[in-house]
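Enquirer: For reference, the structure I am asking about is given below.
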Amino acid sequence: MKKILIGSLTAVVILGSCLKSNDYQSTCDASYNPCALVAPAGEVAQVESYLASKGITDATKHCSGMYYKIDSAGSGKTATVCSNIFVKYKGQLTNDTVFDSTALNPAYFNLSGVIAGFKNGVPLIKEGGGIHLYIPPSLAYGASQNGSIPSNSILVFQVSLVAVQ
């Protein structure tokens, strides 16, 4: 009886997640606009101040208000907001405190499930490419603290796009 119950439960979970994924995939690309959520001018000014303090003059402003610097464009597939991706990244605060890193093994996730700044920035490069992202709080975690990331933090990411599925 236990085996039947466990087998049935496993099948429901697997099939249910497939259905949700397929339904989501069909509307995801059509509904996401990377310029729809725009950081307030005050946050953009804070990012610009940070960039100036670090002597970063070659970052580009995205329509959302974040800044980015493409280190290498890459030459493989381009991710969309609905792509499953493998990335290596280092995330840090403006005081250089590293809050997360995948130095040894790439992280695997669906791009739709991450913060807006990451979701907007990764599709700017192709597989094999690298990018620096300078993300204002409203395109990250906003007024909410997230683990060791204080509320209203500007986030700085160095990202390498390893693979797009």
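The values are calculated or read from the model by the stated rules, or taken from the named source; none is laboratory data. Just so it is clear, the model here is predicted, and its values are computed rather than measured. Heads up, the Cβs are rebuilt from the backbone with ideal geometry, glycines too, and the neighbour counts pull from every protein chain shown.
Enquirer: From the residues in segment 105-127 that are over 13 Å from the mean Cα position of the chain (by Cα) and modelled with pLDDT of 95 or more, which one is nearest to SER49 (Cα to Cα)? Give the derivation first.
Expert: Pass one, segment 105-127, residues over 13 Å from the mean Cα position of the chain (by Cα): 105-106, 126-127.
Add one more test, that the residue is modelled with pLDDT of 95 or more, and what stays is 106, 126-127.
On the way: PRO106: 31, LYS126: 29, GLU127: 31 Å.
The residue in question is LYS126.
Enquirer: State whether one or more residues within segment 116-127 are part of a loop (DSSP other than H, G, I, E, B), farther than 19 Å from LYS61 by Cα and of a type in the set (A, V, I, L, M, F, W, C).
Expert: Looking only at segment 116-127, we keep the residues that are part of a loop (DSSP other than H, G, I, E, B), and these are 125, 127.
Going one step further and asking which of them are farther than 19 Å from LYS61 by Cα, we end up with 127.
Cutting the leftovers down to of a type in the set (A, V, I, L, M, F, W, C) gives us none.
No, because not a single residue in segment 116-127 is part of a loop (DSSP other than H, G, I, E, B), farther than 19 Å from LYS61 by Cα and of a type in the set (A, V, I, L, M, F, W, C).
Enquirer: Return the pairs, sorted by first residue and then second, in which the second residue is assigned to a strand (DSSP E or B) and hydroxyl-bearing (Ser, Thr, Tyr), the first residue lies in segment 59-82 and is surrounded by fewer than 16 Cβ atoms within 10 Å (Cβ to Cβ), the beta carbons are less than 6 Å apart, and the residues are 6+ apart or on different chains.
Expert: THR60/TYR68; LYS61/TYR67
Enquirer: Also, I was wondering about something else. Could you please give the count of residues in segment 128-163 that are among the hydroxyl-bearing types (Ser, Thr, Tyr), within 14 Å of the chain's Cα centre (by Cα), surrounded by 20 or more Cβ atoms within 10 Å (Cβ to Cβ) and in a loop (DSSP other than H, G, I, E, B)? Reasoning before the result, please.
Expert: Going through segment 128-163, the residues among the hydroxyl-bearing types (Ser, Thr, Tyr) turn out to be 134, 138, 141, 144, 148, 151, 153, 160.
Now narrow it down to the ones that are within 14 Å of the chain's Cα centre (by Cα): 134, 138, 141, 160.
Among the residues that remain, those that are also surrounded by 20 or more Cβ atoms within 10 Å (Cβ to Cβ) are: 134, 138, 160.
If we keep only those that are in a loop (DSSP other than H, G, I, E, B) too, we end up with none.
Total satisfying the criteria: 0.
Enquirer: Pull up segment 44-58, narrow it to residues that are under 21 Å from the mean Cα position of the chain (by Cα) and among the hydrophobic types (A, V, I, L, M, F, W, C), then point me to the one that is surrounded by the most Cβ atoms within 10 Å (Cβ to Cβ).
Expert: The selected residue is VAL47.
Enquirer: How about segment 71-115: which of its residues are assigned to a helix (DSSP H, G or I) and touching a Cys at 6+ places or on another chain (Cβ under 6 Å)?
Expert: Going residue by residue through segment 71-115, those that are assigned to a helix (DSSP H, G or I) are 111-113.
Passing the criteria: only SER112.
Enquirer: From GLY147, GLY142, grab the single residue that is over 24 Å from THR57 (Cβ atoms), of a type outside the set (Ser, Thr, Tyr) and without any contact (Cβ under 8 Å) to a residue 12 or more places away in the chain. Give the derivation first.
Expert: Values: GLY147 fails: without any contact (Cβ under 8 Å) to a residue 12 or more places away in the chain.
Criteria check complete, one pass: GLY142.
Enquirer: Answer yes if at least one residue in segment 95-112 is under 15 Å from ILE154 (Cα atoms) and crowded, with 20+ Cβ neighbours inside 10 Å, and no otherwise. Walk me through it before giving the result.
Expert: Of all residues in segment 95-112, those under 15 Å from ILE154 (Cα atoms) come to 95-100.
From the residues that got through so far, the ones that are crowded, with 20+ Cβ neighbours inside 10 Å too are none.
Scanning segment 95-112 turns up no residue that is under 15 Å from ILE154 (Cα atoms) and crowded, with 20+ Cβ neighbours inside 10 Å.
Enquirer: Then there is this: Could you tell me whether segment 53-63 includes any residue that is among the aliphatic types (A, V, I, L, M), modelled with pLDDT of 95 or more, under 16 Å from VAL122 (Cα atoms) and not in a strand (DSSP E or B)? Explain how you work it out, then say what you get.
Expert: Initial filter on segment 53-63 (among the aliphatic types (A, V, I, L, M)): 56, 59.
Pick out the ones that are also modelled with pLDDT of 95 or more and you get 56, 59.
Keeping just the survivors that are under 16 Å from VAL122 (Cα atoms) gives 59.
From the residues that got through so far, the ones that are not in a strand (DSSP E or B) too are 59.
Within segment 53-63 (the criterion being among the aliphatic types (A, V, I, L, M), modelled with pLDDT of 95 or more, under 16 Å from VAL122 (Cα atoms) and not in a strand (DSSP E or B)), the answer is yes, since at least one residue qualifies.
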